[in-house]
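Colleague: Would you mind keeping the following structure in view while I ask a few things?
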Amino acid sequence: MPYAEVLINRKVAALDRPFTYEIPPELFDEIQIGSTVSVPFGNTTVKGIVIGMTDDPGEITPKYIDDIVNETFLFPKDLLELAEYLGEYYMNPKISMLHAMIPRGVNLFGKALKPKTEPYVSLAPWTETSNLRGERQKEIAAYLDSYGEISLHEAVHEKGFSVSALRTLVKKGVLLKEERPVRRYGFEIHSGVEHDFQLTEEQRRILHTIRSRGHDDTRPILLHGVTGSGKTEIYLRLVTDVISQGKQAIVLMPEIALTPQFVTIFERRFPGKVVLMHSRLSAGERRDAWYAARSGEAAVILGARSAVFAPVNCLGIIIMDEEHEDSYYQGNAPRFHAREAAAKRCEMTEALFLMGSATPSLESYHKGLIGEYQLLTMERRVNDVPLPTVKVVDMREELKSGWTEVISRQLIEEMNKNLIQKQQTLLFLNRLGSHTFVSCRDCGFVHTCPNCGISLVYYESRNSLRCNHCDHEVKMEDTCPQCNGRRIRYFGLGTEGLEKVVKKFFPNAVVDRLDSDNTKHKGDFDRIYERMKSGATDILIGTKMITKGWDFPNLTLTGIIAADLTLNFPDFRSSERTFQTITQVAGRCGRCSEQGRVILQTYRPNDPVILSGSRQDYGAYYEWESQKRAGYEYPPFTHEVKIIFTTPRGYLFQNDLDQIHRCFEDVVNSETEVLGPSPAIYRYHKETEKWVVTLIGPKLFDMRNEIKEGLCCLKGENILDKNIIVQVEIDPLDIV
């Protein structure tokens with residue numbers, strides 16, 4: 001096949017297809033599917049990737065490929081196929097998907113980072129140690145004669161050998177010096193004893209069911225297990241099975257904050273076989289992890305969303321822990337959900353796809369009930385430790401009695417009891433900053449973001465107001481910018497403000513905080529985790545990142561400060577997120593011998609979501625929520641697609657908006673509903689604004705075609721031009 005199908009490195013919809021080029025004879029044996037090449041394109045030279053071969057160029061006369069860009073890089077074929085699928089499914093340019101699959105440090109079309117090396121020394125085979133002079137030289141030679149080799153760093157800093165003596169021996173030819181590649185792990189190697197866990201009856205049943213599945217049953221598995229039921233041990237046993245077959249495993253976690261815990265668990269079980277992949281690693285660490293996975297050196301790839309694209313050679317299993325988490329969805333281009341990517345990749349490679357959660361997403365649980373997924377359940381905690389008791393505190397009654405603090409009296413009492421008993425407490429509040437908005441009592445002015453139009457959050461630690469959407473930040477002034485009044489008041493409370501309140505009530509307690517503001521630097525997660533794990537922290541305050549899979553044996557009390565906070569979000573998934581958060585954060589405590597206690601503070605104690613969450617009753621919640629969703633024809637019974645139009649402020653007028661609606665209304669079938677255009681929730685950003693058209697219907701394939709037809713209609717009506725950016729989100733989870 002002397003012709004190559006090349007995907008051009010241009011993120012333009014019109015170029016999102018392969019172009020045919022002839023392979024020159026001198027490159028015929030070198031160019032393969034997955035090769036990166038430079039090709040003539042119009043009047044210039046561009047880079048691209050070979051995604052196919054053919055012996056029929058069609059009616060055109062193809063140009064020749066110029067050269068290979070990177071001779072050492074070859075894009076994995078299964079990832080090329082996966083990029084093709086995800087590009088079609090999520091209406092992304094395929095080249096964008098390919099870029100998303102290759103981490104910084106490997107570099108798809110440029111020069112990749114070189115591997116890190118470290119000098120090693122060994123005794124030359126011709127050396128006669130008896131001829132050496134000097135005690136230092138003899139000591140070094142004797143050590144190497146016994147142990148073979150040593151890195152220079154270890155020789156100097158751990159063994160205390162003299163640098164000058166080592167240099168002299170190398171110079172004389174007594175020692176041989178060699179540069180060896182060194183893998184940058186991106187995590188601290190955790191040594192320790194691996195316990196021989198005795199499986200519970202439920203764990204044995206689950207493992208037997210999975211291991212005895214017929215070869216014709218390729219369905220993804222949804223493991224619905226209550227918090228603390230031992231899902232992680234199931235993961236470990238299945239990974240062990242995979243490695244024994246000479247295959248590799250990908251284990252996805254929803255939050256980088258879980259890295260220290262997962263690395264410790266998996267590194268102890270599979271020492272030297274684990275690599276880590278996530279966005280907080282350096283370029284060099286990502287490069288080394290990618291090549292370790294590609295070469296087969298790494299048998300277990302741990303990571304966040306992007307690790308689903310790890311270039312493994314022989315995939316045996318993908319495990320997605322806490323599959324319900326929104327963080328598995330990438331909301332910026334190219335948009336995709338790691339669950340869909342993992343399911344397709346496992347289907348392509350005949351690997352097992354296992355999802356685990358105590359609070360599965362409604363979409364996944366629905367698929368489990370109708371048989372599209374295999375649904376397995378674990379209803380009991382390990383060692384029969386009971387689920388925590390949950391006490392609902394009605395904050396309206398607290399106010400009526402004159403108590404105005406954000407922490408209820410009952411929670412303060414329980415926290416004090418924990419401090420006396422030297423046990424740990426977790427406080428959850430899903431808001432950042434000290435106060436959620438600042439207002440002038442004289443004129444009513446509220447500080448808002450000039451880019452986004454939403455309230456600025458006050459941060460007392462740096463005396464500034466910041467937008468948590470676009471990061472715009474200004475200094476806080478003592479007077480109102482509108483009326484010069486001085487009666488400035490602070491409303492709402494975030495994690496930084498909660499920390500101040502906690503320290504007021506418990507000045508002698510060791511208080512730590514885990515949120516995105518407090519973990520901006522590499523290693524911050526690890527330090528906070530280690531302090532909590534060692535027992536050094538008495539009270540940990542955090543946002544949603546503390547709800548995901550953390551396991552501390554001495555954590556016996558959880559306080560949910562504002563359980564109904566997310567119920568008011570303008571999103572049909574707000575009740576689902578609220579239930580999941582309540583159940584997950586409650587499940588962090590009392591996971592060992594002592595039953596945990598949860599204080600749930602709310603202003604809506606009789607809401608069905610609060611009631612089912614306080615009882616940790618997923619079945620009751622699912623029945624209530626699924627009936628509501630079915631009535632409104634929301635997912636999982638339909639698909640939702642958002643078409644987002646980003647324009648200069650004031651660019652679209654009512655006639656334009658009406659025309660946009662008509663263009664989509666004219667092309668959809670009777671099963672698809674068209675809503676909007678309506679202003680986005682986060683409408684403004686700097687000099688732009690966003691409008692959203694929402695399509696809801698049962699057939700995603702039809703809806704994708706309808707979107708293409710609708711956009712063609714808008715171009716024909718001259719509504720779309722270079723000033724309007726169009727983005728399509730398939731089954732979105734983010735609030736736009």
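The values are calculated or read from the model by the stated rules, or taken from the named source; none is laboratory data. Keep in mind that what you see is a predicted model, and the values were worked out from it rather than measured. Neighbour counts run over all protein chains shown; Cβ positions are idealised from the backbone, glycine included. Quick note on the areas: whole protein, heavy atoms, side chains included, nothing else; ligands and nucleic acids left out. Shrake-Rupley method; radii C 1.70, N 1.55, O 1.52, S 1.80 Å.
Colleague: How many residues, within region 241-270, are part of a loop (DSSP other than H, G, I, E, B) and touching a residue at least 60 places away in the same chain (Cβ under 8 Å)?
Modeller: Qualifying residue count for the region: 6.
Colleague: While we're here: Does Gly284 satisfy the condition of being in a loop (DSSP other than H, G, I, E, B) and among the small types (Gly, Ala, Ser)? Show your work before the answer.
Modeller: Numbers: in a loop (DSSP other than H, G, I, E, B): no; among the small types (Gly, Ala, Ser): yes.
No; evaluated as a whole, the condition is false for this residue.
Colleague: Take the residues in region 73-103 that are part of a helix (DSSP H, G or I) and either of a type in the set (Phe, Trp, Tyr) or in contact with a Gly (Cβ under 8 Å, 6 or more places away or on another chain) (or both); name whichever of them is surrounded by the fewest Cβ atoms within 10 Å (Cβ to Cβ).
Modeller: Quick first cut of region 73-103, residues part of a helix (DSSP H, G or I) only: 77-89, 94-101.
Among the residues that remain, those that are also either of a type in the set (Phe, Trp, Tyr) or in contact with a Gly (Cβ under 8 Å, 6 or more places away or on another chain) (or both) are: 77, 80, 85, 89, 94, 96-97.
Details: Lys77: 12, Leu80: 20, Tyr85: 17, Tyr89: 18, Lys94: 22, Ser96: 19, Met97: 25.
Per the stated criteria, the residue is Lys77.
Colleague: Run Gln248 past the list (1) under 15 Å from the mean Cα position of the chain (by Cα); (2) at pLDDT 90 or above; (3) of a type outside the set (Phe, Trp, Tyr) and report the number of the one that doesn't hold.
Modeller: Against the list (1) under 15 Å from the mean Cα position of the chain (by Cα); (2) at pLDDT 90 or above; (3) of a type outside the set (Phe, Trp, Tyr), Gln248 comes up short only on (1).
Colleague: Every residue in region 136-161 that is assigned to a loop (DSSP other than H, G, I, E, B) and either surrounded by fewer than 16 Cβ atoms within 10 Å (Cβ to Cβ) or modelled with pLDDT under 85 (or both), please.
Modeller: Filtering region 136-161 for residues assigned to a loop (DSSP other than H, G, I, E, B) gives 148, 158-161.
Scanning region 136-161 gives Gly148, Glu158, Lys159, Gly160.
Colleague: Now, a different point. Considering only region 694-711, I want to know if a residue exists there that is in contact with a Gly (Cβ under 6 Å, 6 or more places away or on another chain) and over 30 Å from Leu456 (Cβ atoms). Show your work before the answer.
Modeller: At the first step, the residues of region 694-711 found to be in contact with a Gly (Cβ under 6 Å, 6 or more places away or on another chain) are 694, 703.
If we keep only those that are over 30 Å from Leu456 (Cβ atoms) too, we end up with 703.
So far as region 694-711 goes, yes, one or more of its residues are in contact with a Gly (Cβ under 6 Å, 6 or more places away or on another chain) and over 30 Å from Leu456 (Cβ atoms).
Colleague: Quick check on Glu414: is it open to solvent by 70 Å² or more (accessible area, probe 1.4 Å), over 27 Å from His469 (Cα atoms) and either out of contact with any helix residue (DSSP H, G or I) (no Cβ under 8 Å at 6 or more places or on another chain) or assigned to a helix (DSSP H, G or I) (or both)? So that I can check it myself, show each step before the final result.
Modeller: Details: open to solvent by 70 Å² or more (accessible area, probe 1.4 Å): no; over 27 Å from His469 (Cα atoms): yes; either out of contact with any helix residue (DSSP H, G or I) (no Cβ under 8 Å at 6 or more places or on another chain) or assigned to a helix (DSSP H, G or I) (or both): yes.
Answer is no for this residue.
Colleague: Name the strands (runs of 3 or more DSSP E) wholly inside region 672-733 in which the number of residues that are in contact with a Ser or Thr (Cβ under 7 Å, 6 or more places away or on another chain) is 3 or more. Quick ask: steps written out before the conclusion?
Modeller: Working: elements: 673-685, 688-697, 725-730.
It comes to 688-697.
Colleague: Which members of region 710-736 meet the condition of being under 15 Å from Lys642 (Cα atoms) and open to solvent by 60 Å² or more (accessible area, probe 1.4 Å)? Spell out how you get there, then give the answer.
Modeller: Within region 710-736, the first condition is being under 15 Å from Lys642 (Cα atoms), and the residues that meet it are 710-711, 725-736.
Correct list: Ile725, Asp734.
Colleague: In this structure, does Arg339 turn out to be in contact with an Asp or Glu (Cβ under 7 Å, 6 or more places away or on another chain), among the charged types (D, E, K, R) and either touching a residue at least 60 places away in the same chain (Cβ under 8 Å) or surrounded by fewer than 21 Cβ atoms within 10 Å (Cβ to Cβ) (or both)? Steps first, please.
Modeller: Working: in contact with an Asp or Glu (Cβ under 7 Å, 6 or more places away or on another chain): yes; among the charged types (D, E, K, R): yes; either touching a residue at least 60 places away in the same chain (Cβ under 8 Å) or surrounded by fewer than 21 Cβ atoms within 10 Å (Cβ to Cβ) (or both): no.
It is false that Arg339 is in contact with an Asp or Glu (Cβ under 7 Å, 6 or more places away or on another chain), among the charged types (D, E, K, R) and either touching a residue at least 60 places away in the same chain (Cβ under 8 Å) or surrounded by fewer than 21 Cβ atoms within 10 Å (Cβ to Cβ) (or both).
Colleague: Here is a follow-up. Those residues that are assigned to a loop (DSSP other than H, G, I, E, B) and open to solvent by 20 Å² or more (accessible area, probe 1.4 Å), I need them from region 305-330; list them, please.
Modeller: Our first condition is that a residue be assigned to a loop (DSSP other than H, G, I, E, B); within region 305-330, this holds for 310-314, 322-325.
Result: Asn313, Cys314.
Colleague: Filter region 461-484 for residues that are in contact (Cβ under 8 Å) with a residue 40 or more places away in the chain, open to solvent by 50 Å² or more (accessible area, probe 1.4 Å) and closer than 12 Å to Phe445 by Cβ and give the result.
Modeller: Step one: filter region 461-484 for residues in contact (Cβ under 8 Å) with a residue 40 or more places away in the chain, giving 469-470, 480, 482-483.
This time we only want the ones that are open to solvent by 50 Å² or more (accessible area, probe 1.4 Å), so: 469, 482-483.
Once the filter is applied, which keeps residues that are in contact (Cβ under 8 Å) with a residue 40 or more places away in the chain, open to solvent by 50 Å² or more (accessible area, probe 1.4 Å) and closer than 12 Å to Phe445 by Cβ, region 461-484 yields Gln482, Cys483.
Colleague: Every residue in region 504-544 that is charged (D, E, K, R) and assigned to a strand (DSSP E or B), please. Walk me through how you get there before you give the answer.
Modeller: So in region 504-544, the residues charged (D, E, K, R) come out as 504, 512-513, 515, 517, 520, 522, 524, 526-527, 530-531, 533, 538, 544.
Across region 504-544, the qualifying residues are Asp512, Arg513.
Colleague: Hey, can you tell me all the residues within region 12-46 that are in contact (Cβ under 8 Å) with a residue 60 or more places away in the chain and either in a loop (DSSP other than H, G, I, E, B) or in contact with a Lys or Arg (Cβ under 9 Å, 6 or more places away or on another chain) (or both)?
Modeller: Within region 12-46, Val12, Asp16, Thr36 qualify.
Colleague: On to the next question. In region 581-671, which helices (runs of 4 or more DSSP H) lie fully inside it and hold 3 or more residues that are open to solvent by less than 40 Å² (accessible area, probe 1.4 Å) and of a type in the set (Gly, Ala, Ser)? Working first, answer last.
Modeller: Values: elements: 608-614, 618-632, 654-667.
In region 581-671, the matching helices (runs of 4 or more DSSP H) lie at 608-614.
Colleague: Please give the number of the condition Ser164 fails out of (1) at pLDDT 80 or above; (2) closer than 30 Å to Ala283 by Cβ; (3) loosely packed, with under 11 Cβ neighbours inside 10 Å; (4) among the polar types (S, T, N, Q).
Modeller: (2)
Colleague: Restricting to region 417-460, and then to whatever is in contact with a Lys or Arg (Cβ under 7 Å, 6 or more places away or on another chain) and free of Cβ contacts under 8 Å to residues at least 40 places away in the same chain, can you tell me which residue is surrounded by the fewest Cβ atoms within 10 Å (Cβ to Cβ)?
Modeller: Result: Leu456.
Colleague: Go through (1) modelled with pLDDT of 90 or more; (2) not in a helix (DSSP H, G or I) and name the single condition Thr209 misses.
Modeller: Of everything listed in (1) modelled with pLDDT of 90 or more; (2) not in a helix (DSSP H, G or I), Thr209 misses just condition (2).
Colleague: Related question: Give the number of residues within region 392-408 that are outside any helix (DSSP H, G or I) and exposed (fewer than 15 other Cβ atoms within 10 Å of the Cβ). Steps first, please.
Modeller: Initially, region 392-408 is screened for residues outside any helix (DSSP H, G or I), giving 392-394, 401-408.
After this cut, where a residue has to be exposed (fewer than 15 other Cβ atoms within 10 Å of the Cβ) as well, the list is 401-405.
Within region 392-408, residues that are outside any helix (DSSP H, G or I) and exposed (fewer than 15 other Cβ atoms within 10 Å of the Cβ) number 5.
Colleague: Still on this structure, I have one more. Looking at Gly523, is it surrounded by fewer than 16 Cβ atoms within 10 Å (Cβ to Cβ), at pLDDT below 85 and farther than 27 Å from Glu687 by Cα?
Modeller: Considered against the rule, which asks whether it is surrounded by fewer than 16 Cβ atoms within 10 Å (Cβ to Cβ), at pLDDT below 85 and farther than 27 Å from Glu687 by Cα, Gly523 comes out as yes.
Colleague: What pairs come up if the first residue lies in region 60-82 and is within 22 Å of Lys94 (Cα to Cα), the second is hydroxyl-bearing (Ser, Thr, Tyr) and part of a loop (DSSP other than H, G, I, E, B), and their beta carbons are under 8 Å apart, counting only those six or more places apart or on different chains?
Modeller: Pairs that qualify, where the first residue is within 22 Å of Lys94 (Cα to Cα) and the partner is hydroxyl-bearing (Ser, Thr, Tyr) and part of a loop (DSSP other than H, G, I, E, B), are Ile68/Ser35; Leu74/Ser35; Phe75/Ser35.
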